[in-house]
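J.: The structure is given below, and queries will be raised subsequently.
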Amino acid sequence: MDYEGITFRGSRNGQIHKERFFRQNLKSDEVVIQITHSGICGTDLHFMHADIVLGHEGVGVVREVGESCKTLRVGDRVGWGYTYWSCGRCSACLTGHESYCPIAGKYGAHHLDQGSFGSLAIKPEQWVFRIPDGIESKYAAPLLCGGATVFSPMVEFLKPTDRVGIVGVGGLGHLAIQFAAKMGCDVVAFSSTEVKREDAISLGAREFYATNNVADYTTLNVAKPLDSLIIATGAEHLDFSNYYKLLKPVATVIPLTISFEPMVVPTIPTITNGIKIAGTTPSGILIMIQTLEFAERNNIRPIIQEFPMTEDGIMDAMARLKNGDIRYRAVLSWQLLEELP
Ligand SMILES: [Zn+2]
Ligand SMILES: [Zn+2]
């Protein structure tokens with residue numbers, strides 16, 4: 001059987017191009033998904049100048065399943081994220097950290113001919129997840145990368161008794177505030193200006209501090225020191241010196257901001273205070289399922305802005321994301337178009 005759909009590719013000059021996607025056969029472990037929605041993530045901005053099909057926060061409906069698929073059925077509402085495939089046999093896979101599998105298939109490196117900016121995706125069932133009934137598809141999409149990105153280190157490194165700082169109230173930060181608050185943590189939000197104070201508090205932060213033009217963070221007069229700090233700012237340059245003034249000894253710092261510059265980490269305070277810096281991406285299959293289930297159960301939803309799944313819609317959303325104008329996650333939708341593909 002032939003499979004044919006629409007895809008949207010990046011290009012060298014950053015222009016989005018609509019093209020067609022063809023496949024001739026379905027492997028026995030694959031499912032065919034008719035895409036209804038896709039979130040747009042910061043990583044898509046990085047790849048819009050590459051000649052690949054974009055998007056890795058996909059949601060849609062299963063249209064066909066391969067003969068060896070075990071859990072998904074035709075008609076299921078499903079989604080997928082950054083990782084597409086893992087070997088299942090290495091130490092990372094066998095300890096539930098499948099996304100660190102050395103030969104994992106990932107966005108930007110594998111399956112370059114299909115992404116969630118499109119109408120059709122064919123994916124291994126292993127990394128496709130059923131969306132809980134209580135979460136609408138448009139809200140599920142940003143949970144599949146952004147949501148799992150913030151929740152995965154929380155499950156691994158945070159306790160409900162922690163006082164947690166979240167730096168940056170944006171695409172990741174507004175989700176991190178909700179997840180940490182619903183875990184029971186004492187959430188403290190940091191943002192460059194006062195603009196997002198009300199949003200941060202209404203999402204679950206108990207304190208808010210604006211850091212713009214503050215040279216020395218001790219002058220912020222933060223009420224109590226922090227057990228952990230999640231860095232989700234859009235700023236490219238990460239210098240931990242000021243953040244360290246906010247921490248308790250033995251605190252954990254979790255940098256989530258994707259930056260191509262080296263982090264500046266003060267050596268002696270890190271060693272003498274036992275500070276842990278934890279690199280992390282959504283670590284495995286289980287956390288993807290747990291992210292969706294926890295969000296449904298605790299009524300965690302991204303705040304979204306919707307755009308049509310067209311070249312113009314994608315260009316518009318990407319430009320706004322680049323300018324920091326999205327409140328707080330962009331979602332592309334076929335349902336905003338009059339004619340479906
Ligand atoms: Zn992402
Ligand atoms: Zn592996």
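The values are calculated or read from the model by the stated rules, or taken from the named source; none is laboratory data. Bear in mind the structure is a predicted one, so any value in this text is a computation, not a measurement. Quick reminder, even Gly has a Cβ in these numbers, built from the backbone with ideal geometry, and neighbours come from all protein chains shown. Just the protein is used for accessible areas: all its heavy atoms, side chains included, with ligands, DNA and RNA removed. Shrake-Rupley method; radii C 1.70, N 1.55, O 1.52, S 1.80 Å.
J.: Can you tell me which residue is farthest from Gln24 (Cα to Cα) among those in the stretch 49-86 that are away from ligand 1 (no atom under 14 Å from the Cβ) and among the small types (Gly, Ala, Ser)?
T.: Per the criteria, the residue is Ala50.
Table: residues versus (1) surrounded by 21 or more Cβ atoms within 10 Å (Cβ to Cβ); (2) at pLDDT 95 or above; (3) within 16 Å of ligand 1 (Cβ to nearest atom).
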residue: Gly105; (1), (2), (3): no, no, yes
residue: Pro132; (1), (2), (3): no, yes, no
residue: Gly173; (1), (2), (3): yes, yes, yes
residue: Asp186; (1), (2), (3): no, yes, no
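J.: Can you tell me which condition Gln24 does not meet? The list is (1) away from ligand 1 (no atom under 16 Å from the Cβ); (2) at pLDDT 95 or above, and all the others hold.
T.: (2)
J.: Has the stretch 59-68 got at least one residue that is more than 16 Å from ligand 2 (Cβ to nearest atom), under 20 Å from Asp325 (Cα atoms) and of a type in the set (Val, Ile, Thr)?
T.: no
J.: Among Thr95, Thr161, Thr149, which is the only one that is more than 20 Å from Gly66 (Cα to Cα), within 16 Å of ligand 2 (Cβ to nearest atom) and of a type in the set (S, T, N, Q)?
T.: Values: Thr161 fails: within 16 Å of ligand 2 (Cβ to nearest atom); Thr149 fails: within 16 Å of ligand 2 (Cβ to nearest atom).
Going through Thr95, Thr161, Thr149 in turn, the sole match is Thr95.
J.: Name the single residue that is farthest from Thr95 (Cα to Cα) among those in the stretch 291-315 being open to solvent by 30 Å² or more (accessible area, probe 1.4 Å) and in contact with a Ser or Thr (Cβ under 9 Å, 6 or more places away or on another chain).
T.: Pro308
J.: Kindly indicate which of Thr310, Thr291, Thr272 is touching a Gly at 6+ places or on another chain (Cβ under 7 Å) and at pLDDT 95 or above.
T.: The unique qualifying residue is Thr291.
J.: Looking at Gly55, Gly39 in this structure, which one is assigned to a strand (DSSP E or B), more than 16 Å from ligand 2 (Cβ to nearest atom), touching a residue at least 60 places away in the same chain (Cβ under 8 Å) and among the small types (Gly, Ala, Ser)?
T.: The unique qualifying residue is Gly39.
J.: May I pose another question? Can you name every residue in the stretch 175-196 that is over 20 Å from Thr149 (Cα atoms) and either out of contact with any strand residue (DSSP E or B) (no Cβ under 8 Å at 6 or more places or on another chain) or not small (Gly, Ala, Ser) (or both)?
T.: Passing the criteria: Thr193, Glu194, Val195, Lys196.
J.: Something else about it: Restricted to the stretch 67-116, and to residues that are of a type in the set (D, E, K, R) and not in a loop (DSSP other than H, G, I, E, B), which residue is farthest from the chain's Cα centre (by Cα)?
T.: Arg77
J.: Residues of the stretch 4-29 being in contact (Cβ under 8 Å) with a residue 24 or more places away in the chain and either aromatic (Phe, Trp, Tyr) or open to solvent by less than 10 Å² (accessible area, probe 1.4 Å) (or both), which ones?
T.: Listed by number, the residues that qualify are Gly5, Thr7, Phe8, Gly10, Gly14, Ile16, Phe21.
J.: Mind checking which pairs have a first residue in the stretch 251-267 that is open to solvent by less than 20 Å² (accessible area, probe 1.4 Å) and a second that is basic (Lys, Arg) and part of a strand (DSSP E or B), Cβ under 6 Å, 6 or more apart or different chains?
T.: Final answer for the pair search is Thr252/Lys276.
J.: Now for a different question. Working only within the stretch 140-163, note down all residues that are part of a helix (DSSP H, G or I), within 16 Å of ligand 1 (Cβ to nearest atom) and either of a type outside the set (A, V, I, L, M, F, W, C) or under 30 Å from His17 (Cβ atoms) (or both).
T.: Within the stretch 140-163, Ala140, Ala141, Pro142, Leu143, Gly146, Gly147, Ala148, Thr149, Ser152, Pro153 qualify.
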